[in-house]
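Here is the structure we will look at, set down as structure tokens.
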Amino acid sequence: MNTMNPSIAAKAGAGEQEPAIAVPESRPEDTVIEEGKTVGKPFAGDADSPKFKLRNVSVSYGNDRAIKDISLDIRRNEVISFIGPSGCGKTTFLRCLNRMNDSIEICRVTGKLMLDGEDIYQSKKDVVELRARVGMVFQKPNPFPKSIYDNVAYGPKIHGLANRKSELDEIVENSLRKAGLWDEVKDRLDAVATGMSGGQQQRLCIARAIAVSPEVILMDEPCSALDPIATAKVEELISEMSESYTIVIVTHSMQQAARVSHRTAYFHMGHLVEVNETNKVFTAPEHELTESYITGRFG
Amino acid sequence: MPKSKDDMYGDHISHQFNDDLANLKNDFLKMGGLVEQQTIDAVNALIDGDGWAADEIRARDRIVDNMEKDLDEEATQLIARRQPAARDLRLVIAVIKMVSDLERVGDEAKKIAKFALTLAEEGHAPRGYVEVRHIANHVTTMLNEALDAFSRLDSTQALKIIREDKRVDEEYQAATRTLLTFMMEDSRNISRCMSVMWVLRALERVGDHACNIAENVIYMVEGEDVRHTPVEEAAKIVGP
């Protein structure tokens, strides 16, 4: 009768003995990371040339090193998201991609940053032309205090993309359509842009970025000032735009990274810790630090 | 950072999240303990010809069913409110799947209890009981170890259980052959032997469920789905 004496009591109790709130011996954020070492798949295959080829990129503000030897390929027409705790360097790294850091005097960028095989930090590089190819959308919607029409038309005008008013009209309409804003604003193109809702303003900024036919769009937390519905619209827009553009998005919302991006890159204290397919990062990340961050163990 | 596997789910910024995951784990283990006990009791009731015990086991299946619903609800709430990711997500998803396995083990125990009752009413039928006892020992040990592997997040032990399942299948086939011989010897044995055959079948299924749980434990720990994968492939994922 007692040949099958179970150890059930011990088993059910085993779980309860575990402290509900465990105190880890060392905090995950204290992990020492080997410089220049990234797990996962930071590089594109040999078959297709990447849009951005970034090698051994370091950035320092004076004596502070904000980016430590990062190498990464950004593929054509992919949406890649940069995630990581505040101060991890993701925005600094993003701003290197169209030399937005140039305006900061103490900021020094080293390493190779190639856009379609061309070094974007070479001294004779035309930065204005670079920024037309690599557009940017910022955290807070920042439309010019002008009409909706003029906001979108400004870029094409200064870059000489339109010769006639009818051409300019066409660019404005197309850009607003792509940004999913046309139907909402077509009857009031002369209205001042700052009177729009936050979500509309952000989509206007995206339309403004699209208007100069960029190849890459950088987005620095584009939805952090928007409500959920406006966020959903911008995210929908990102998915649609990925057919024609390469998109790099910095976000604090991990759910957003999971929803919109093909690949996810995890930054930590200036290191690029892991780059992998988004599917993998959110179900089975390779690096312990990525795991800790996306599961809410620190951040 | 070397971290013991015990606090794998316990160091979130949100204490409530820690508690939610710990509760899910503990409730799952409680349900596992109950169905394991149900299976053992059912086999004992069968062998002892104890109809009264068999009745009790069948009544207790209600508790198992309720635990299944409660665990599913807990898991649903966790997904809705916490949006778990990575290993937390794998824990919740694995629990949702393994709960079905436990519930089915409960049903198999209930089935065995039903045959225990029938056989008790028909009088003793010791034929085939040696085989029943043997397989029952084997599969309940597997279930116990599967729950243990879950509790300790031990994928090596989980792999051992998957390997073990093949042996259960062999034992089941051997037992079936033995019972067939009994039936051929004397046709009056057929009805009772058929009942015992169903009990063996139920026990073999318990082994399969233990195996499913083990596969889910490997998924939780290693992040790789090893279902419908040759065991040697699974062994590579688990590592030495």
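None of the figures in this text is laboratory data; all of them are computed from the coordinates on show. All figures in this text were calculated on a predicted structure; none of them were measured in a lab. Cβ placement follows ideal geometry from the backbone for every residue including glycine, while neighbour counts extend to all protein chains displayed.
In this simple spin-label approximation, B:THR181 and A:SER224 carry label points 7 Å from Cα along the Cα→Cβ vector, and these lie 7.6 nm apart. Can you classify chain A as rounded, prolate or oblate using the Cα gyration tensor, where a ≥ b ≥ c are the square roots of its eigenvalues, rounded means a/c under 1.5, and otherwise it's prolate if a/b beats b/c and oblate if not? Prolate shape, in that a/c is at least 1.5 and a/b is the bigger ratio. Specify the angular offset, from 0 to 90 degrees and rounded to the nearest 10, of the alpha carbon long axis of helix B:86-122 from the longest principal axis of the alpha carbons in chain B. It works out to around 10 degrees.
Across segment B:14-238, Cα-Cα distances exceeding 29 Å account for 32% of all pairs. Efficiency by 1/(1 + (r/R0)^6): what FRET value for B:LYS236 and A:SER197, r their Cβ-Cβ distance, R0 = 45 Å, to the nearest 0.05? Computed FRET efficiency for B:LYS236 and A:SER197: 0.25. Taking every Cα-Cα distance in segment A:53-166 and sorting them into 10 Å bins from zero, the calculated P(r) comes out as 11, 38, 32, 16, 3, 0 percent.
The spacing between segment A:168-238 and segment A:57-85, judged by their C-alpha centroids, is 27 Å.
In this structure, the pairs whose alpha-carbon distance is over 26 Å, taken from A:LYS125/A:LYS146; A:LYS53/A:LYS90; A:LYS37/B:LYS160; A:LYS37/A:LYS125, are A:LYS125/A:LYS146; A:LYS37/B:LYS160; A:LYS37/A:LYS125. The magnitude of the dipole of the protein assembly as shown, with charges of +1 and -1 set on the Cβ of Lys/Arg and Asp/Glu and taken from the Cα centre, is near 1700 debye. The calculated FRET efficiency for B:LYS97 paired with A:ARG177, based on their beta-carbon distance and R0 = 45 Å, is about 0.50. Using only Cα atoms, find the angle between the long axis of helix A:198-210 and the longest principal axis of chain A, and express it within 0 to 90 degrees, rounded to the nearest 10. Computed tilt is about 70 degrees. Between the Cα long axis of helix A:8-17 and the first principal axis of chain A there is an angle of about 50°, rounded to the nearest 10. Geometric descriptor of the protein assembly as shown, per residue, is 189 Å³ (volume of the convex hull of the Cα atoms). The mean count of C-beta atoms from other chains within 10 Å of the C-beta of residues in B:29-39, rounded to a whole number, is 4.
Only Cα pairs under 8 Å and 6+ residues apart enter the sum, and on that basis the relative contact order of segment A:96-221 stands at 37 percent. Taking label positions 7 Å along the Cα-Cβ direction at both A:LYS157 and A:ASP169, the computed distance is 1.7 nm, reported to one decimal.
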